[in-house]
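The values are calculated or read from the model by the stated rules, or taken from the named source; none is laboratory data. Note that the coordinates shown come from a computational prediction; the quantities given were computed from them, not determined experimentally. As a convention, Cβ positions derive from the backbone with ideal geometry for all residues, glycine included, and neighbour counts pool all protein chains shown.
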Amino acid sequence: MQVPFYTPVREYHARKDEFDRAVQNVFESGDFILGEDVAAFEKEAAMWLGAKYAVGVASGSDALVIGSDILGFRDGAEVLTPTYTFFASASCLARLGAKLVFVDMDEETLNMDMRQAAEKVNSRIKGIIPVHLFLQPTSLQEVMDLARANNLKVLEDAAEGWGMESFVDSMWKKAGTVGNIGIYSFFPTKTLGAYGDAGLMVTNDEELYRKIKMYRVHGTAAKYHHEYIGYNSRLDTLQAAILRVKLTSTEKAIAARARHAQHYTERLRSIPGVRVQNVRCDAHPVYYVYNILVPQRDALAAYLKEQGIGTTIYYPKPLHLQPCFAYLGYKEGDFPVAERICKEILALPMYPELTDDEVDYVCDAIASFYGVQ
Ligand SMILES: Cc1ncc(COP(=O)(O)O)c(C=O)c1O
C-alpha cells in the first residue's frame, strides 16, 4: 500500500465539477486581479472566522511581513517569537530590521512557552508573534493578558491555525481573530488549502483594515496615489474561486481530520516509547498536522518510507540555530526543549481523504518497527 504524506488530487477528483466550474467562471470573466471571488471569499471567510474584516493576500509569509510593517515591528523594535516554528514567523521581523527575541517552546503544546515569554518582556519589547502550530492555539488568554499588561502589539501567526479555537475573555474564539492582526496561510497542505500560494489577514480594527487593504496594493487607496510604501501582494482571483469551493466543506474536512486523529491516537498511544500530543483544556483542536514524538525518529521515518508511507519533519532545526540568524548570537543549548523536540518529532499522513485502512496500515507499520504486535 502507498500512503502519501499529502495529496490534493483525491479531493480534486471527488469535487472536480465544482472546481472546474469555479475556475472556468474566472477564465470567462477575465477578472484575474482582485476579481469578484476575492471580495466574496473575504466576506465569507470573515464570517466563518467571526472576525470583522478579512483581506486576501498572496501568501501567509507576505501576510506576516505586511502585518509586522503595519504594527511597527521594524527598525530596531524588539519582538518575541518562538524559535520552534516555520521560518516566516521570524524572517518577517528580520526583513524589516526588527530585533527577534526568541522564546523556547512548551513541551506539551509545542507552542511558545508563555512563562518564558513573560520573563523576557521588558520595556524594549514592543510585540509578540504567537504561532498556532499543528493542532492547537497558543493560549490566547495568556497571550492577551501578557500583551495588555505590557502594552504589546499581537500579530497572530495562524498560518496553520485555520479553525482552531481558544477560550479567551470568557468565550471561544477562532485562533487568528484575537490579536491586533491575525494571518492565515492557504498553502495547499493547509487545513484550508488553495491550489497554489494564498493567504489572508484579519483584524477587528477598522483603521488597521484600511491600512492592510492599502499595503497589499503598493500603499494605495486610489490608483497611482501612494500613501504608504506598500507591497504587491494580492490574493489571486483563481485561488479565491478555489477557496470558496473548499470553504463550503471546511467543517466536514475538519471533522474528518479529527476522526483520523482519534484513530491514530487510539492505536499509537499504547506503543511503548511513542508519545502523542495532548490537547489543552482551553483549546478546541484542528488537526492540521498529526505528530508523534519518538525515539529513533530517523530510523522510523526510513522504515515507513520503505513501507510506502510518507512522513515529514516539522521542523528539523529551531530558528536560533539557522545560519542566517547567527548574527543574533544564540548558541546550541539556549533553547533545550526546542532542540530536543526537533530530534523526536515526526508528522504522519493527515488529510480528510485518508481511509481507515490507510491509518491502520501506518499504525501497524509503527507498531512493527517498535516490535509490538
Ligand atoms: C507557522 C507558519 N507561518 C507562516 C507560514 C507561511 O505561509 P505561506 O507558506 O503561505 O507563505 C507557514 C506555512 O507554510 C507556517 O506554517
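Given (1) more than 23 Å from Ala147 (Cα to Cα); (2) in contact with a helix residue (DSSP H, G or I) (Cβ under 8 Å, 6 or more places away or on another chain), where does Ser91 come up short, assuming only one miss?
Failed condition: (1).
Can you name the residue in the stretch 197-225 that is farther than 12 Å from Ile66 by Cβ and small (Gly, Ala, Ser) and, of all such residues, is farthest from the chain's Cα centre (by Cα)?
This residue is Ala222.
Determine the pairs where a residue that is in the same structural domain as Val57 (by TED's automatic domain parsing), located within the stretch 224-248, has a partner that is of a type in the set (Lys, Arg) with Cβ atoms under 6 Å apart, the partner being 6 or more residues away or on another chain.
So the pair list comes out as Ser233/Arg216; Arg234/Arg216.
It is to be established whether one or more residues within the stretch 88-100 are more than 15 Å from the ligand (Cβ to nearest atom), farther than 19 Å from Phe325 by Cβ and either in contact (Cβ under 8 Å) with a residue 12 or more places away in the chain or assigned by TED's automatic domain parsing to the domain that holds Leu321 (or both).
Taking the stretch 88-100 and keeping what is more than 15 Å from the ligand (Cβ to nearest atom), we get 96-99.
Filter once more, keeping what is farther than 19 Å from Phe325 by Cβ: none.
No, the stretch 88-100 has no match at all.
Among Tyr53, Tyr6, which is away from the ligand (no atom under 15 Å from the Cβ) and modelled with pLDDT of 95 or more?
Within the list Tyr53, Tyr6, the selection yields Tyr53.
What residue, of Arg210, Arg275, is in the same structural domain as Val55 (by TED's automatic domain parsing) and either surrounded by fewer than 20 Cβ atoms within 10 Å (Cβ to Cβ) or within 16 Å of the ligand (Cβ to nearest atom) (or both)?
Step by step, each of Arg210, Arg275 is checked, and only Arg210 is in the same structural domain as Val55 (by TED's automatic domain parsing) and either surrounded by fewer than 20 Cβ atoms within 10 Å (Cβ to Cβ) or within 16 Å of the ligand (Cβ to nearest atom) (or both).
Scan the stretch 323-348 for residues that are more than 20 Å from the chain's Cα centre (by Cα), in a helix (DSSP H, G or I) and hydrophobic (A, V, I, L, M, F, W, C) and jot them down.
The answer is Cys324, Phe325, Ala326, Leu328, Val337.
Within the stretch 27-45, is there a residue that is closer than 30 Å to Leu328 by Cβ and either in the same structural domain as Pro323 (by TED's automatic domain parsing) or buried (at least 19 other Cβ atoms within 10 Å of the Cβ) (or both)? Give the steps one after another, and end with the answer.
Keep residues of the stretch 27-45 that are closer than 30 Å to Leu328 by Cβ, which gives none.
Checked against the condition, which is being closer than 30 Å to Leu328 by Cβ and either in the same structural domain as Pro323 (by TED's automatic domain parsing) or buried (at least 19 other Cβ atoms within 10 Å of the Cβ) (or both), the stretch 27-45 yields no hits at all.
Can you tell me which residues in the stretch 156-169 are within 16 Å of Asn204 (Cα to Cα) and surrounded by fewer than 24 Cβ atoms within 10 Å (Cβ to Cβ)?
The answer is Val168, Asp169.
Give me a count of the residues in the stretch 353-363 that are surrounded by fewer than 16 Cβ atoms within 10 Å (Cβ to Cβ) and either farther than 16 Å from Tyr290 by Cβ or touching a Phe, Trp or Tyr at 6+ places or on another chain (Cβ under 8 Å) (or both).
1
Mind counting the residues in the stretch 153-167 that are touching a residue at least 60 places away in the same chain (Cβ under 8 Å) and away from the ligand (no atom under 14 Å from the Cβ)?
Going through the stretch 153-167 one residue at a time, the tally reaches 5.
Table: residues versus (1) buried (at least 21 other Cβ atoms within 10 Å of the Cβ); (2) away from the ligand (no atom under 15 Å from the Cβ); (3) at pLDDT below 95; (4) among the hydroxyl-bearing types (Ser, Thr, Tyr).
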{"residue": "Met171", "(1), (2), (3), (4)": "no, yes, no, no"}
{"residue": "Val178", "(1), (2), (3), (4)": "yes, yes, no, no"}
{"residue": "Gly182", "(1), (2), (3), (4)": "yes, no, no, no"}
{"residue": "Thr189", "(1), (2), (3), (4)": "no, no, no, yes"}
{"residue": "Leu192", "(1), (2), (3), (4)": "yes, no, no, no"}
{"residue": "Tyr215", "(1), (2), (3), (4)": "yes, yes, no, yes"}
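Can you tell me which of (1) in contact with a helix residue (DSSP H, G or I) (Cβ under 8 Å, 6 or more places away or on another chain); (2) free of Cβ contacts under 8 Å to residues at least 12 places away in the same chain is the one Glu119 doesn't meet?
(1)
Mind checking which pairs have a first residue in the stretch 251-266 that is within 10 Å of Val359 (Cβ to Cβ) and a second that is not hydrophobic (A, V, I, L, M, F, W, C), Cβ under 6 Å, 6 or more apart or different chains?
Ala261/Tyr287; Ala261/Tyr290; Tyr264/Tyr290
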